[in-house]
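Presented below is the structure to which this report refers.
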Amino acid sequence: MRALRTIPVLVGMAGEMERRCPDVLHLNYANPMAMNCLALARASRVRTVGLCHSVQGTAAELARDIGVPVEAIDYTAAGINHMAFYLTLTCNGEDLYPRLRQVIAEGRVPPTNRVRYDAFERFGYFVTESSEHFAEYVSWYIKRGREDLIEAFNVPLDEYPRQCEAQIAGWQDLARDL
């Protein structure tokens, strides 16, 4: 449904870009990422790259977890939307992965990041997507009849509706203030 709503707007925008700035590189942060980028690749000559804000947001969370200023962290991330990993994570040349393993060893995994830390233990790299969203893509975290997994990994199945309710309330506050 998001693609049906978003793609016509993006294609219209790309048409304007073809006329006004044909050599531009379009950076797409809008979801559904893959569908949007595919539609633009098929409907336009504008070069498009899909990006995800979770890379930067996760870096900030990890910085808090290990006590390093986020500005001091360097990383290389690769993957596809909602399934990317930090291939390198360093601070002044120091590999920060041992510090993340220490968070696990000391039992300091934040309750909201149990899925990501578990995936890190399994794969050896830290995923950039939120625990809640990553759990939607990896079948062993959310299983019918396995409420124990949902509880153990603290997967908030109602997260998206709560975000929508908060966003709508914010818009209502903004409209009132304006």
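The values are calculated or read from the model by the stated rules, or taken from the named source; none is laboratory data. What you see is a predicted model; the values in this text were computed from it and never measured. FYI the Cβ positions are ideal-geometry reconstructions off the backbone, even for glycines, and counts take in every protein chain you see. Each accessible area value is taken on the protein alone, full model and side chains, heavy atoms only, with ligands, DNA and RNA left out. Shrake-Rupley method; radii C 1.70, N 1.55, O 1.52, S 1.80 Å.
A compact table of results
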quantity: Residues satisfying the stated conditions in segment 90-124, i.e. among the charged types (D, E, K, R), open to solvent by less than 90 Å² (accessible area, probe 1.4 Å) and under 21 Å from Pro69 (Cβ atoms); calculated: Glu94, Asp95, Arg99, Arg116
quantity: Selected residue (criterion: nearest to Ala43 (Cα to Cα)) from residues of segment 4-25 that are touching a Lys or Arg at 6+ places or on another chain (Cβ under 8 Å) and assigned to a loop (DSSP other than H, G, I, E, B); calculated: Pro22
quantity: Qualifying residue in segment 132-146 (condition: surrounded by 12 or more Cβ atoms within 10 Å (Cβ to Cβ), modelled with pLDDT of 90 or more and among the hydrophobic types (A, V, I, L, M, F, W, C)); calculated: no
quantity: Long-range neighbours under 7 Å by Cβ, at least six apart or interchain, first residue over 22 Å from Leu27 (Cβ atoms) and of a type in the set (S, T, N, Q) within segment 63-91, second open to solvent by 70 Å² or more (accessible area, probe 1.4 Å) and part of a helix (DSSP H, G or I); calculated: none
quantity: Residues of segment 38-70 that turn out to be surrounded by fewer than 19 Cβ atoms within 10 Å (Cβ to Cβ), under 12 Å from the mean Cα position of the chain (by Cα) and among the β-branched types (Val, Ile, Thr), as a count; calculated: 1
quantity: Segment 110-128 - residue that is in contact (Cβ under 8 Å) with a residue 40 or more places away in the chain and of a type in the set (A, V, I, L, M) and, of those, nearest to Phe153 (Cα to Cα); calculated: Val115
quantity: Residue that is nearest to Val138 (Cα to Cα), among those in segment 77-89 that are surrounded by 16 or more Cβ atoms within 10 Å (Cβ to Cβ) and of a type outside the set (Gly, Ala, Ser); calculated: His82
quantity: Options Phe134, Phe153: the member that is closer than 20 Å to Glu121 by Cα and in contact with a strand residue (DSSP E or B) (Cβ under 7 Å, 6 or more places away or on another chain); calculated: Phe134
quantity: Selection status of Glu121, acidic (Asp, Glu) and assigned to a helix (DSSP H, G or I); calculated: yes
quantity: Residue tally, condition open to solvent by 90 Å² or more (accessible area, probe 1.4 Å) and in contact with a helix residue (DSSP H, G or I) (Cβ under 7 Å, 6 or more places away or on another chain), over segment 147-178; calculated: 1
